[in-house]
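> I have a structure here, written as structure tokens, and I will follow up with some questions on it.
The values are calculated or read from the model by the stated rules, or taken from the named source; none is laboratory data. No experiment lies behind these values; they were computed from the predicted model shown. Reconstructed Cβ throughout: ideal geometry from the backbone, glycine too, with neighbour counts over all protein chains shown. The area values use the complete protein model at the heavy-atom level, side chains included, leaving out ligands, DNA and RNA. Shrake-Rupley method; radii C 1.70, N 1.55, O 1.52, S 1.80 Å.
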Amino acid sequence: MFEEIISSLRRNKMRTALTGFSVAWGIFILIVLLGAGNGLIHSFEGQSRRRALNSMKVTPGWTTMQYKGLESGRRVKLNEADMREMVFANKANIIEALPVVTQSGITISHGQEYVSSSLTGVYPEHPTVEIARQKSGRFINNIDIDECRKVCVIGDKTEEILFPQGGAIGSFVNASGVMYKVIGVYSDDNNGTQSMFIPYTTLMTIYNKEGFVSRILLTTKGLDSEEENDRFENDVRTILSQRRNFSSEDTGAVWIWNRMKNYLQTKGAMDILTTAVWVIGILTLLSGVVGVSNIMLITVKERTHEFGIRKALGAKPRQILALIIIESIVITSIFGYIGMVVGVGATELINTVVENMESEAFTDPTVDMSIAIEATLTLIIAGTLAGFFPARKAVSIKPIEALRG
């Protein structure tokens with residue numbers, strides 16, 4: 001039987017090649033699309049893991065609406081009392097609140113080298129909320145906070161400029177006339193100028209910020225949906241509006257950047273992307289399967305006379321049925337396997353290129369081998385079904401009518 005199938009395929013090389021190409025192309029496109037989708041999803045998940053997803057920033061801004069006779073365009077200022085009130089009113093959803101204060105326009109120098117940067121006064125828990133991966137040394141600790149120590153943690157890009165020969169840890173840098181001892185170096189994804197972290201209490205003492213903070217970092221709990229996060233944001237803005245005299249509907253007065261809400265929205269987009277990839281891939285596969293079915297129908301029509309002779313000589317219907325179906329399976333199996341191998345190879349090549357580029361916007365665009373095999377097996381099953389209906393037509397042919405044809 002297999003010799004007969006191979007002979008039939010050889011007699012129609014061009015037709016077999018075109019049909020096989022449509023099958024291979026379908027599985028190839030599916031795997032490449034899945035790989036591309038995985039690249040975006042893996043990148044999104046990797047970036048999400050590096051941050052506390054249950055966190056948000058509350059940053060004072062400028063009013064954009066008139067309120068109780070007060071003009072718009074007023075600068076809103078927040079202090080630690082505002083933070084404590086906000087925490088007290090939402091203690092069911094707030095785990096921790098951290099004030100952050102900044103001082104811009106600072107020149108940081110060491111020897112003849114210098115950079116223009118800013119100082120950021122933080123608490124020890126800061127790296128759990130913001131991206132600040134410790135590269136060497138240590139971060140700010142509670143003793144630094146309690147004693148208002150003049151210590152700092154600089155960015156790795158700042159280290160490259162100020163300490164080209166290394167040896168930053170333990171050295172001193174001059175920040176616009178104030179000397180700080182470098183206790184650590186951090187790295188982040190910021191392509192611009194990195195801030196220099198110092199103890200929160202040190203910055204407040206030296207620069208006399210009058211208790212006003214630059215932003216408030218919150219870690220939250222129990223906010224698992226966009227609706228719950230919207231409700232929480234409205235509560236926070238309402239409390240602050242009452243304390244700082246602006247409309248609770250004025251989103252410009254206080255900016256709230258909610259990572260959990262952004263995560264949920266992006267995750268929803270990723271789920272839609274995954275569904276779209278599968279739909280497009282399956283439709284492409286179906287086009288190949290339809291091609292196989294059409295070719296089998298043509299084959300049955302061309303071999304009508306032959307099938308009539310076979311039945312007249314005593315061939316059983318299941319033998320003719322098996323002949324057509326197996327031919328369909330052979331085409332989908334061989335070319336489906338080729339498409340799978342080429343598709344997996346393409347995703348691995350893309351992965352190598354992405355790794356060399358060190359891109360974080362597109363990570364590990366590969367497909368799990370089990371998924372590729374499952375997709376190929378699905379294609380083979382579909383190919384079997386594609387051959388079944390033409391095979392039924394071949395079996396239904398009456399010997400006398402076939403011989404007349």
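> Just for region 254-270: of the residues that are β-branched (V, I, T) and not in a helix (DSSP H, G or I), which one is surrounded by the most Cβ atoms within 10 Å (Cβ to Cβ)?
The selected residue is V254.
> Being touching a Leu at 6+ places or on another chain (Cβ under 8 Å) and either assigned to a loop (DSSP other than H, G, I, E, B) or touching a residue at least 60 places away in the same chain (Cβ under 8 Å) (or both) is the filter here; which residues of region 144-168 pass it?
A168
Okay, residues lined up against (1) within 20 Å of V236 (Cβ to Cβ); (2) in a strand (DSSP E or B); (3) modelled with pLDDT of 95 or more:
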site: K57; (1), (2), (3): yes, yes, no
site: G73; (1), (2), (3): no, no, no
site: R84; (1), (2), (3): yes, no, no
site: L98; (1), (2), (3): yes, yes, no
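> Within region 127-142, which residues are open to solvent by less than 30 Å² (accessible area, probe 1.4 Å) and either at pLDDT 90 or above or under 17 Å from M179 (Cβ atoms) (or both)?
Matches in region 127-142: F139, I140.
> Within region 58-80, is there a residue that is touching a Leu at 6+ places or on another chain (Cβ under 9 Å), open to solvent by 50 Å² or more (accessible area, probe 1.4 Å) and more than 30 Å from L285 (Cβ to Cβ)?
No: region 58-80 contains no residue that is touching a Leu at 6+ places or on another chain (Cβ under 9 Å), open to solvent by 50 Å² or more (accessible area, probe 1.4 Å) and more than 30 Å from L285 (Cβ to Cβ).
> Please count how many residues of region 191-248 are on the phi > 0 side of the Ramachandran plot and open to solvent by 40 Å² or more (accessible area, probe 1.4 Å).
Residues flagged as on the phi > 0 side of the Ramachandran plot and open to solvent by 40 Å² or more (accessible area, probe 1.4 Å) within region 191-248 amount to 4.
> Hey, S104 hits all of (1) touching a Phe, Trp or Tyr at 6+ places or on another chain (Cβ under 9 Å); (2) modelled with pLDDT of 90 or more; (3) open to solvent by 50 Å² or more (accessible area, probe 1.4 Å) but one; which does it fall short on?
(1)
> Quick check on this structure: which one of I41, I29, I5 is in a helix (DSSP H, G or I), at pLDDT 80 or above and either among the hydrophobic types (A, V, I, L, M, F, W, C) or on the phi < 0 side of the Ramachandran plot (or both)?
When all the criteria are applied, what remains is I29.
Residues checked against (1) in contact with a Phe, Trp or Tyr (Cβ under 7 Å, 6 or more places away or on another chain); (2) of a type in the set (K, R); (3) modelled with pLDDT of 75 or more; (4) open to solvent by less than 40 Å² (accessible area, probe 1.4 Å):
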residue	(1), (2), (3), (4)
V341	no, no, yes, no
E374	no, no, yes, no
I381	no, no, yes, no
F389	no, no, no, no
R404	no, yes, no, no
